[in-house]
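Colleague: My questions will all concern the structure given below.
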Amino acid sequence: MTDVNALETEILAAIDAAADEAALEAVRVGALGKKGTISEKMKTLGGMSAEERQVMGPALNGLKSAVTDAIAARRQVLKRAAIEERLKTETVDVTLPVRASPAEAGRIHPISQVVDEITAIFSDMGFAIAEGPDIETDYYNFTALNFPEGHPAREMHDTFFFNEKEEGERMLLRTHTSPVQIRTMENQKPPIRIVIPGKTYRCDSDATHSPMFHQLEGLVIDKSANVANLKWVLEEFCKSFFEVDQLKMRFRPSFFPFTEPSLEVDIQCDRSGTEVKFGEGGDWMEILGCGMVHPNVLRLSGLDPDVYQGFAWGIGIDRIAMLKYGMPDLRAFFDADARWIAHYGFRPLDIPTLFGGLSS
Ligand code: DAH
């Protein structure tokens, strides 16, 4: 019996001393495993006299269950301690800044940003977006827009022509987005309210001209569209785009073959500081051309000028982007310099909306 007591004391001490679950398992195998100390003792019961067995049987069973219980209790303690330990080493500092996602590393080009801003503004005014091909025919780029054959205005466009086809026709890179006016009028019945953002091409290159550049054309056709409507649309657009409450505009007479009357628009600005400010100051800056659609253009597009009338305008997107975001050299737009885009580009998830802010 003293044997059994001594064994119990020894095993319980080992259980208490087990520092982790692996050590505890070793103690369990050493006591209760096939060749464990308790199991070995159990095996001796068969060789005992009946009286001896009556004493030793319950004593060994008592020992076995005491050890089993002690192991289970110790296991619980060790499990909890292991969890505590993990929690201590795996803490998360929720005050650390969020790691930037790969999408955050990219930047939206200012041209894409400004096109998104412009389309947000005109969509809000009820305009649809239209598009047309970059490679045009002479008819859509010039003739249908009332440029007579041999008219000097054709030369002013510094057109890139393709080689002549066999029948003698020459395709060209469109010099403006105006041909899409014609394509739209041919395919849609008035009322028409569209804006046309797109690439345009002219053989010209310096700090403010690039052979490929971008324009935004606008066209409104219905039975009553007039110059007052035109002025209102452009004024609302300029205020929204430049994000100012007030903006004076100046309309000067001009000439475009496809409009009559034709106007050029200057906006009020302040050029006294290093940066141009809009909506204040005593300076003017030209930003777009516009006018009432010429009756010949309506006629050539299949509309009766005695029934329909409308207005149109064309803005240089690159130019207003440069003005709004203070970018001095247009050529940098197309240099694909990662440092430039990192500086002037826009965060990809900041999509311009009128309610969320265009450029914030
Ligand atoms: N297409 C003209 C250009 O590229 C710009 C323009 C002026 C467009 C007046 C228009 C307009 O629609 O009415 O110089």
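Colleague: Enter the Cα centre distance for the pair region 117-131 and region 212-235, rounded to the nearest angstrom.
Modeller: Answer, in whole Å: 12.
Colleague: By how many degrees, 0 to 90 and rounded to 10, does the Cα axis of helix 21-32 deviate from the longest principal axis of the chain?
Modeller: 30
Colleague: Translational diffusion coefficient of region 2-89 at 25 °C, 0.890 mPa s, Stokes-Einstein with Kirkwood Rh over Cα pairs, in µm²/s as a whole number.
Modeller: This corresponds to a translational diffusion coefficient of 175 µm²/s.
Colleague: Also, I was wondering about something else. What percent does the relative contact order of the chain come to when contacts are Cα pairs within less than 8 Å and at least six residues apart?
Modeller: 16
Colleague: Next up: Can you classify region 105-344 as rounded, prolate or oblate using the Cα gyration tensor, where a ≥ b ≥ c are the square roots of its eigenvalues, rounded means a/c under 1.5, and otherwise it's prolate if a/b beats b/c and oblate if not?
Modeller: oblate
Colleague: Tell me what the chain gives for mean residue ellipticity at 222 nm when only DSSP H runs of n ≥ 4 count, each as -39,500 (n - 2.57), the sum divided by the residue total, rounded to 500 deg cm²/dmol.
Modeller: Estimated from H runs of four or more residues: -13000 deg cm²/dmol.
Colleague: Between their Cα atoms, which of Lys189/Lys248; Lys199/Lys277; Lys35/Lys64; Lys165/Lys189; Lys223/Lys324; Lys199/Lys223 are more than 25 Å away from each other?
Modeller: Lys189/Lys248; Lys199/Lys277; Lys165/Lys189; Lys223/Lys324; Lys199/Lys223
Colleague: Most exposed first by the Cβ proxy, i.e. fewest other Cβ within 10 Å, how do Tyr201, Tyr344 rank?
Modeller: With the fewest neighbours first, Tyr201, Tyr344 line up as Tyr344, Tyr201.
The numbers here are math on the coordinates, done by the rules we state, and not lab data. What you see is a predicted model, and the numbers here were worked out from it, not measured in a lab. Quick reminder, even Gly has a Cβ in these numbers, built from the backbone with ideal geometry, and neighbours come from all protein chains shown.
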